[in-house]
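The values are calculated or read from the model by the stated rules, or taken from the named source; none is laboratory data. The structure displayed is predicted, hence computed values, not measured ones. Positions of Cβ are generated from backbone atoms using ideal geometry, with glycine treated the same way; all protein chains shown enter the neighbour counts. With ligands, DNA and RNA removed, areas are computed over all heavy atoms of the protein, side chains included. Shrake-Rupley method; radii C 1.70, N 1.55, O 1.52, S 1.80 Å.
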Amino acid sequence: MATVSPTPLLKDELDIVIPTIRNLDFLEMWRPFFQPYHLIIVQDGDPSKVIKVPDGFDYELYNRNDINRILGPKASCISFKDSACRCFGYMVSKKKYIYTIDDDCFVAKDPSGKDINALEQHIKNLLCPSTPFFFNTLYDPYRDGADFVRGYPFSLREGVPTAVSHGLWLNIPDYDAPTQLVKPLERNTRYVDAIMSIPKGTLFPMCGMNLAFNRELIGPAMYFGLMGDGQPIGRYDDMWAGWCTKVICDHLGLGVKTGLPYIWHSKASNPFVNLKKEYKGIYWQEELIPFFQSVTLPKDCTTVQKCYIEISKQVKAKLSKVDDYFNKLADAMVTWIDAWDELNPSVAKSAELPNGAAK
């Protein structure tokens with residue numbers, strides 16, 4: 001008797017966004033999990049290069065020529081020769097949820113040896129509330145076998161909507177170049193069976209290689225900045241998006257989860273190349289973190305777009321003294337929101353939260 005495989009979760013409500021410069025053979029390994037879903041592939045680098053996608057996947061592929069054609073002059077906000085180009089995929093998607101993964105990420109195994117369905121776990125995280133306002137010492141209280149502990153206020157047990165699910169990686173850790181250089185052989189072998197809400201007021205380093213989010217709740221904040229070709233910095237694209245997103249989630253009363261699921265990160269990038277890309281960022285982050293810790297958004301910032309434009313103004317006012325690059329980045333942030341609203345007109349209108357910011 002043929003077994004009926006269960007219908008994949010959110011099959012018609014989720015796009016998988018993959019930035020790449022190479023053939024996507026890695027999808028073969030993900031086929032059991034990804035095949036039912038629509039893929040948006042953002043090809044970086046030379047647009048004349050033909051990228052092969054394995055048969056049987058439902059996908060659309062955009063290269064630099066497509067980005068220029070669709071966005072016109074606003075294409076200047078999308079990075080070139082950097083995986084930050086992936087955020088173009090978030091913009092053109094028409095789905096409620098996005099999962100993004102790098103092409104050197106493979107299926108990991110849990111401690112019992114079973115393949116981890118990373119996408120399914122991300123979806124569970126996004127469909128289940130977060131608890132950013134009060135920490136539960138048993139981590140995620142909504143998981144099977146867990147609950148709110150004694151002393152947890154009953155008024156906060158409903159939680160808030162989860163906007164972001166940040167997954168982790170086994171094997172090659174997500175290190176910066178100096179750490180890579182001093183620990184070239186280090187591998188992450190620790191599988192921690194935990195998911196937690198990142199508390200309100202706490203920033204975190206967001207990694208874009210295994211990440212899911214509710215595009216309707218937080219999509220316009222997921223801008224991966226100006227990186228790569230022609231820019232003085234790289235490898236801070238997901239960090240930038242993470243800092244902006246977390247400040248906005250805190251303001252609008254939304255949650256960010258981190259922990260499960262794990263993927264297998266197969267290859268380390270070159271630490272010397274990375275150092276060149278990160279060099280300025282390593283200096284600048286010492287100013288950027290205090291900046292984001294002190295950002296306050298006024299009550300009339302009731303949409304992600306309004307919050308994001310307000311952050312761009314503060315970037316211009318306070319970070320341009322660090323480097324002129326931040327003037328360019330602040331302008332690109334505004335261009336990004338213009339382009340987002342142009343491609344997503346109905347979402348732009350309906351995004352107003354009725355009662356202003358949640359406290």
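Just to make sure I understand: if all protein chains stay in place, what is the order of L14, L185 by accessible area at 1.4 Å, largest first? Before the final figure, lay out the partial values.
Working: L14 0, L185 150 Å².
Reading off the accessible areas and sorting them downward yields L185, L14.
Could you compute the net charge surrounding I309? Neighbours are other residues with a C-beta less than 12 Å from the C-beta of I309; K and R count +1, D and E count -1.
Numbers: positive: K306, K313, K316; negative: D300, E310, D331, D338, D341.
With Lys, Arg at +1 and Asp, Glu at -1, the neighbours total -2.
Short version: ³J(HN,Hα) in whole Hz for each residue of region 30-38, in order, from phi by Karplus 6.51 cos²θ - 1.76 cosθ + 1.60 (θ = phi - 60°), x for Gly and Pro, what are they?
8, 3, x, 9, 9, 4, x, 9, 8
Using heavy-atom solvent-accessible surface (probe 1.4 Å) with all chains present, what is the largest-first order of T137, T258? Walk me through the numbers on the way to the answer.
Working: T137 100, T258 30 Å².
I get T137, T258, largest accessible area first.
Based on the mean of other beta carbon atoms within 10 Å per residue, what is the order of 329-339, 148-158, 297-307, most packed first?
Descending packing order for the listed peptides: 329-339, 297-307, 148-158.
What's the local net charge at P54, with K and R +1, D and E -1, over the other residues with C-beta under 11 Å away? Don't skip to the end; give the middle numbers.
Working: positive: R31, K52; negative: D25, E28, D55.
Net of charged neighbours comes to -1.
With θ set to phi - 60° and the Karplus curve 6.51 cos²θ - 1.76 cosθ + 1.60, what are the ³J(HN,Hα) couplings of region 181-188 in order, to the nearest whole Hz, using x for Gly and Pro?
Going residue by residue, I get 5, 8, 10, x, 9, 5, 10, 8 Hz, with x marking Gly and Pro.
Checking the cross-link filter: which aspartates and glutamates have an alpha carbon closer than 13 Å to that of K96, excluding same-chain neighbours under 8 positions apart?
D12, E13, D15, E216
Give a residue-ordered list of calculated ³J(HN,Hα) values for region 323-329 (Karplus: 6.51 cos²θ - 1.76 cosθ + 1.60, θ = phi - 60°; whole Hz; x for Gly, Pro).
Values, residue by residue: 6, 5, 3, 6, 5, 4, 5 Hz.
Which pairs in the list K276/K313; K95/K124; K306/K328 are over 25 Å apart, alpha-carbon to alpha-carbon? Present the calculation step by step, with values, prior to reporting the outcome.
Values: K276/K313 29 Å; K95/K124 17 Å; K306/K328 19 Å.
Table pairs above 25 Å Cα-Cα are K276/K313.
How much length is gained if the chain between K183 and L127 is pulled fully straight, taking 0.36 nm per residue apart and subtracting their Cα-Cα distance, in nm to one decimal?
Numbers: separation 56, 0.36 × 56 = 20.16 nm, distance 3.72 nm.
Gain on stretching K183 to L127: 16.4 nm.
How compact is region 93-167 by the rule of thumb for globular proteins, expressed as Cα Rg over 2.2 N^0.38 Å? Don't skip to the end; give the middle numbers.
Details: Rg = 15.1 Å, N = 75, 2.2 N^0.38 = 11.3 Å.
Here the answer is 1.33, to two decimals.
Which lysines have a Cα lying under 18 Å from the Cα of K200, excluding residues fewer than 8 positions away in the same chain?
K246, K257, K299, K359
Of all GluC sites (Glu not before Pro) in region 186-292, which ones are in loop regions per DSSP and have a Cβ with at most 13 other Cβ atoms within 10 Å? Please report the intermediate quantities before stating the final value.
Values: sites: E186, E216, E278, E286, E287; in loops: E186.
Those that pass, being in a loop and sparsely packed, are E186.
Suppose R0 equals 22 Å. What FRET efficiency, 1/(1 + (r/R0)^6) with r the Cβ-Cβ distance, do N68 and N23 give to the nearest 0.05? Don't skip to the answer; put the middle values down first.
Details: r = 23 Å, r/R0 = 1.06.
Between N68 and N23 the formula returns 0.40.
Please report the orientation-averaged projected area of region 1-120, defined via the convex hull of its C-alpha atoms, in nm². List each step's numbers first, then the result.
Numbers: hull surface 35.3 nm².
Averaging across all directions leaves 8.8 nm² for the Cα convex hull.
Run the reach check for K49 against lysines, Cα to Cα strictly under 18 Å, same-chain hits fewer than 8 apart removed. What comes back?
Straight-distance partners of K49: K81.
Which whole-number value in Å² is the accessible area per residue of region 222-359, probe 1.4 Å?
Details: 5950 Å² over 138 residues.
Using a 1.4 Å probe on heavy atoms only, each residue of region 222-359 averages 43 Å².
Can you report the principal axis dimensions of region 58-138 using only the alpha carbons, biggest first, rounded to whole angstrom?
Here the Cα extents, ordered largest to smallest, are 50, 35, 23 Å.
Counting only C-alpha contacts under 8 Å and six or more residues apart, can you give the relative contact order of region 175-282 as a whole percent? Present the calculation step by step, with values, prior to reporting the outcome.
Working: 106 pairs, mean separation 44.5, N = 108.
Once normalised by length, the contact order is 41 percent.
In Å and from the alpha-carbon atoms only, list the Rg and Dmax of region 195-331.
15.2, 45
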